[in-house]
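*Asks:* Here it is, the structure, as structure tokens.
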């Protein structure tokens, strides 16, 4: 990598002056890799030796660069330190600016001109993502030179077109690609390294990164040994975020370079409690807002370490998206209203809340039972749902009740298609209470309530239930 350039015959390390926009040294000077097999047990031992070239590094004259000084690593833009407080998404630039954010992250280049222009209009910057197939698609993609060459040429045209845009901050090559060790993935690494080198050549003014799922040693080691030219590593992490500092500390003898938290938020669907039939139980927006505040404080704590390595953090997801439910990761509603987490983030980033607090939801019950009670209903029978709020005037709020089928897709195969509400099931609904008829078809469902105020805020909560056929 850019921070792993080394000469195999050079055992002398050197200190790099931060004022030169150095090529970042990520690992300590003792990296080597060896294996020994014994008759009964396989002994796997790792030690590492940093081998760096003696030649002088060229001075970096770009607009955005990662530098290291006595306090650690920092991103610099236009010769000034730049800490990333931002979000991952494609819209709501105005709200991001008002909340005190400074960067938006995308995963692809669709409508990139419009996204960069919108960011510029609000004084924001963009981490632009290049969509790539995961490394497991060797037979389908990476083993075909014609396909990887077309990708190379397509990406090159994008870099050449947008490299001078004032709102461009970082190029991100792929998302959660996985970096395996086996030699059979050689074509993947060849393609990836060609792309990194091309971006660095065509645009030396902006850093290049890629993202990993959580902090795992295996992909880190493989990146160190097989990838060249990255400026830093980015990490998508949710429930494991609060373990990140400990994990980094335990492995810093191998890798102690800079990183960006490229996605963070409340626990993902794969980390949540679930019903007896495997349906993850979603927390209310109110509960999630508290989690966002707690986890950002953890991020700030890491930033204040004596040797800082964090370049910033991007909250997920700044907008509305379907992923298991329409609300799990969404910081905004389908009609553009703000959740309480948006207001919490504004208080974190600016020091005070920008908007009025959203409605506070406590819990929902169906016939007196909560989601953890594994609610089983008989088809075509009547039931009462009630949402409990902490408010002085529930009549001043607008309630929207819905029942939708549960998304049967696992988180490994995400369904981006919104599952439509089932019509005709509600017998009556009045504010915080609704009477509904259980669907006729056996299966898993969720009942949703969205509570909105007149100030552009909303809160949501849903409860999974399972319908059994009446034999």
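*Asks:* What translational diffusion coefficient, to the nearest whole µm²/s, does segment 67-210 have by Stokes-Einstein, given a Kirkwood radius computed over alpha-carbon pairs, a temperature of 20 °C and 1.002 mPa s viscosity?
*Replies:* Working: Rh = 16.4 Å.
The diffusion coefficient I find is 131 µm²/s.
*Asks:* Which of the three applies to segment 61-350, rounded, prolate or oblate, going by the alpha-carbon gyration tensor with a ≥ b ≥ c and a/c under 1.5 meaning rounded? Show your work: numbers first, answer last.
*Replies:* Details: a/c = 1.32, a/b = 1.23, b/c = 1.07.
In terms of gyration-tensor shape, rounded.
*Asks:* So, one more: Suppose a student asked you for the relative contact order of segment 61-350, using Cα pairs under 8 Å spaced at least 6 residues apart; what percent would you report? The partial results should precede the final answer.
*Replies:* On the way: 533 pairs, mean separation 60.6, N = 290.
Answer for segment 61-350 is 21 percent.
*Asks:* Would you please put 434-440, 462-468 in order of how densely packed they are, using the mean number of other Cβ atoms within 10 angstrom per residue and starting with the highest?
*Replies:* Values: 434-440: 18.7, 462-468: 20.7.
Most protected by this proxy first, the peptides run 462-468, 434-440.
*Asks:* Ranked highest first by average number of other Cβ atoms within 10 Å, how do 154-162, 87-95 line up? Write out the running numbers ahead of the final one.
*Replies:* Numbers: 154-162: 15.6, 87-95: 21.2.
Per-residue mean Cβ counts within 10 Å order the peptides as 87-95, 154-162.
*Asks:* So, one more: Exposure proxy check: 363, 286 ranked by fewest other beta carbons within 10 Å?
*Replies:* Lowest count first: 363, 286.
*Asks:* Based only on other Cβ atoms within 10 Å, what is the fewest-to-most ordering of 127, 302? Walk me through the numbers on the way to the answer.
*Replies:* Numbers: 127 26, 302 17.
Placing the least packed residue first, the sequence is 302, 127.
*Asks:* Is segment 291-403 best put as rounded, prolate or oblate by its Cα gyration tensor, with a ≥ b ≥ c the root eigenvalues, rounded for a/c under 1.5, and otherwise prolate when a/b is larger than b/c, oblate when not?
*Replies:* On the way: a/c = 2.41, a/b = 1.92, b/c = 1.25.
The shape class here is prolate.
Any read-out appearing in this document is the output of simple, stated calculations on the displayed coordinates, not a laboratory observation. In this text the structure is predicted, and so the values were computed from the model without any measurement. Please note: Cβ atoms are built from the backbone with ideal geometry, for glycine as well, and neighbour counts cover all protein chains shown.
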